[in-house]
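So the structure is just underneath, and the comments pick up after that.
The values are calculated or read from the model by the stated rules, or taken from the named source; none is laboratory data. As the structure is a computational prediction, the values presented were derived from the model and not from experiment. All Cβ positions, glycine included, derive from the backbone under ideal geometry; neighbour counts span all protein chains shown.
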Amino acid sequence: MNNKYSYPDSYKYLNAFIVSDFVDMPIHIIDSAGIIIFVNKAWSKVYNLKREFAVGRHIEEIISKYLKYFLTINETNITDDEMSKYTYQHFDEVSSQSLATRVLTERKKMSMVSSTPEDSKVLVTSTPIFNGKNEIEYVFTLVQDLTKISDLKEVLDAEVEKNKILCKKLKFYKSEQNNSTIIGNSKVLSEIKNLIPVVAKTDASILILGESGVGKEVLAKEIYTNSLRKDKPFITINCAAIPENLLESEMFGYEKGAFTGAVKSKAGLFELANGGTILLDEIGTMPLNLQPKLLRVLQENEFMRVGGTQKIPLDVRIISATNENLFTLIKTGEFRQDLYYRLNVIPIKIPPLRDRKEDIKLICLKFLDDFNKKYGKNKVFNEKSLFTLEQYEWPGNIRELKNAIERLVIIGEKNVITSNQVLYITKPDGIEQFEPDDYIEINENLSLKEAVQSLEKKMITDALAKYKTTYKAAEALKTTQPTIVRKAKMLGIEKTYEQ
């Protein structure tokens with residue numbers, strides 16, 4: 001090269017048309033008369049029109065017959081910050097003129113939102129190219145897929161949010177003095193975790209109270225892990241799961257011949273736990289006739305097998321748990337008051353998730369990590385999905401939340417878990433609505449586009465029937481109100497709703 005304006009001979013093989021074919025965004029160029037002189041490969045693919053068909057035709061002929069432009073923007077030099085407010089304006093007015101033709105008249109760069117044949121939302125930007133006489137020679141038009149940009153932004157937002165939360169999570173964990181299995185940093189949970197090392201070192205009986213699914217057994221195991229008996233057995237007896245006629249023999253064992261079928265002696269769970277810790281789960285369901293025997297064990301630290309005559313010394317730490325109101329059971333005569341006082345030396349109440357929503361995010365991340373590893377997935381939450389999870393009441397508490405996260409990890413191909421998926425699971429009718437949408441039977445009489453339109457029609461129809469207005473339906477479906485209006489018209493949905 002002799003100077004900076006000289007180019008190698010090989011550059012002659014490059015021109016705007018060749019380069020445009022390597023751009024993965026639709027491009028078309030018209031001349032001053034509005035005739036299409038070029039479309040790139042991406043344009044042909046997106047609009048499903050061959051280059052040979054489009055070139056030589058007037059842009060308005062292509063627009064009127066084959067494409068639809070939904071005008072939302074008519075501004076020059078739109079910034080990224082400004083885009084956010086424009087993309088939510090109305091879509092229901094179909095433009096009768098292409099943007100490139102308007103640029104020929106306006107003589108300035110312009111942008112607008114359009115729709116592809118597959119109903120993807122795109123940003124169309126047309127730029128005039130002037131000759132030396134200040135006349136427009138060509139108009140260059142670039143189409144950007146806003147749907148893909150939105151999906152990418154969702155992924156990036158999710159990663160950023162995940163990183164922020166993980167940093168907080170790691171900071172919180174590092175501040176812990178032990179490797180606790182109890183996840184959360186709410187005030188009430190922090191108080192419980194501070195209490196654990198204090199009560200764990202004693203042999204005092206502990207009564208854990210809380211609704212079903214709040215993690216009573218997890219707390220019991222945490223106390224055991226921090227106790228002086230951590231190297232001894234930890235045995236759980238679920239008083240509600242064992243039939244009443246078998247509970248005594250399961251707890252205390254039996255001697256050979258004690259009853260029909262007792263062909264040999266068997267040690268009970270108390271005997272097996274000797275030296276360690278026993279969790280009496282669902283203690284409120286213990287049969288009334290068995291309660292005096294349990295009380296005697298607690299008082300005397302000894303028991304006899306069913307059908308036995310020899311007393312067996314017992315050294316166990318008793319932890320009880322219940323979701324019942326024991327005071328109510330005492331008043332109705334279903335639970336002994338003296339047994340209650342023996343069990344209730346140190347009461348610990350775990351509040352439900354709805355009363356400690358600040359813990360939900362950390363619990364969700366813990367379960368997400370667990371199930372990602374279990375199923376070989378790489379799912380992440382976005383900010384909205386975590387917010388939606390926090391707002392739900394979780395009547396089944398941590399057990400219900402764990403099941404929900406497992407399902408969110410298993411279902412769906414995308415790595416980003418959205419708030420819409422969460423809503424399908426957490427709504428009372430969520431399971432019935434979610435499963436049919438996951439599986440659509442192949443119908444040879446329907447094309448993919450027709451099947452998608454059928455599903456869209458059903459979802460929009462259901463949302464409009466339930467929420468009555470296009471604004472509320474759009475909010476429920478996580479889209480914009482103009483999109484609902486446009487698609488309702490396009491899909492022929494009967495207008496029984498308000499705008």
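Looking across segment 228-282 at every residue that is among the aromatic types (Phe, Trp, Tyr) and surrounded by 19 or more Cβ atoms within 10 Å (Cβ to Cβ), the one that is farthest from residue 315 (Cα to Cα) is identified as 254. Out of 370, 359, report the one residue that is assigned to a helix (DSSP H, G or I), of a type in the set (Asp, Glu) and surrounded by 18 or more Cβ atoms within 10 Å (Cβ to Cβ). Of the residues listed, the single one that is assigned to a helix (DSSP H, G or I), of a type in the set (Asp, Glu) and surrounded by 18 or more Cβ atoms within 10 Å (Cβ to Cβ) is 359. A Cβ distance below 7 Å, combined with a sequence gap of six or more or placement on separate chains, defines the contacts here; from segment 257-283, residues that are on the phi > 0 side of the Ramachandran plot and in contact (Cβ under 8 Å) with a residue 60 or more places away in the chain reach no residue that is part of a loop (DSSP other than H, G, I, E, B) and surrounded by fewer than 16 Cβ atoms within 10 Å (Cβ to Cβ).
Filter segment 363-403 down to residues that are among the aliphatic types (A, V, I, L, M), touching a Cys at 6+ places or on another chain (Cβ under 9 Å) and closer than 18 Å to residue 478 by Cβ, then give me how many there are. Step through it out loud before you land on a result.
Initially, segment 363-403 is screened for residues among the aliphatic types (A, V, I, L, M), giving 363, 365, 368, 380, 386, 389, 398, 401.
Retained after the next criterion (residues that are touching a Cys at 6+ places or on another chain (Cβ under 9 Å)): 386, 389, 401.
Within this subset, residues satisfying the condition of being closer than 18 Å to residue 478 by Cβ are 386, 389.
Number satisfying all stated conditions: 2.
Do any helices (runs of 4 or more DSSP H) entirely within segment 426-495 hold 3 or more residues that are at pLDDT 80 or above and either within 25 Å of the chain's Cα centre (by Cα) or of a type outside the set (Gly, Ala, Ser) (or both), and if so, which? Give the steps one after another, and end with the answer.
Values: elements: 430-438, 448-467, 470-476, 481-490.
In segment 426-495, the matching helices (runs of 4 or more DSSP H) lie at 448-467, 470-476, 481-490.
Taking every residue in segment 227-251 that is assigned by TED's automatic domain parsing to the domain that holds residue 292 and among the polar types (S, T, N, Q) and pairing it with any residue that is modelled with pLDDT of 90 or more and surrounded by fewer than 14 Cβ atoms within 10 Å (Cβ to Cβ), at least 6 positions away or on another chain, yields no pair with a Cβ-Cβ distance below 6 Å. Of all the criteria given as (1) touching a strand residue (DSSP E or B) at 6+ places or on another chain (Cβ under 8 Å); (2) under 20 Å from residue 357 (Cβ atoms), the one not satisfied by residue 391 is (1).
Which residue out of 349, 311, 331 is touching a strand residue (DSSP E or B) at 6+ places or on another chain (Cβ under 6 Å) and either without any contact (Cβ under 8 Å) to a residue 12 or more places away in the chain or closer than 14 Å to residue 294 by Cβ (or both)?
On the way: 349 fails: either without any contact (Cβ under 8 Å) to a residue 12 or more places away in the chain or closer than 14 Å to residue 294 by Cβ (or both); 331 fails: touching a strand residue (DSSP E or B) at 6+ places or on another chain (Cβ under 6 Å).
The unique qualifying residue is 311.
Looking at 263, 297, just one residue is more than 25 Å from residue 336 (Cβ to Cβ) and not basic (Lys, Arg), and that residue is 263. Here residue 300 clears all of (1) within 15 Å of residue 252 (Cβ to Cβ); (2) touching a helix residue (DSSP H, G or I) at 6+ places or on another chain (Cβ under 7 Å) except the condition numbered (2). Of everything listed in (1) touching a strand residue (DSSP E or B) at 6+ places or on another chain (Cβ under 9 Å); (2) modelled with pLDDT under 95, the single unmet condition for residue 208 is (2).
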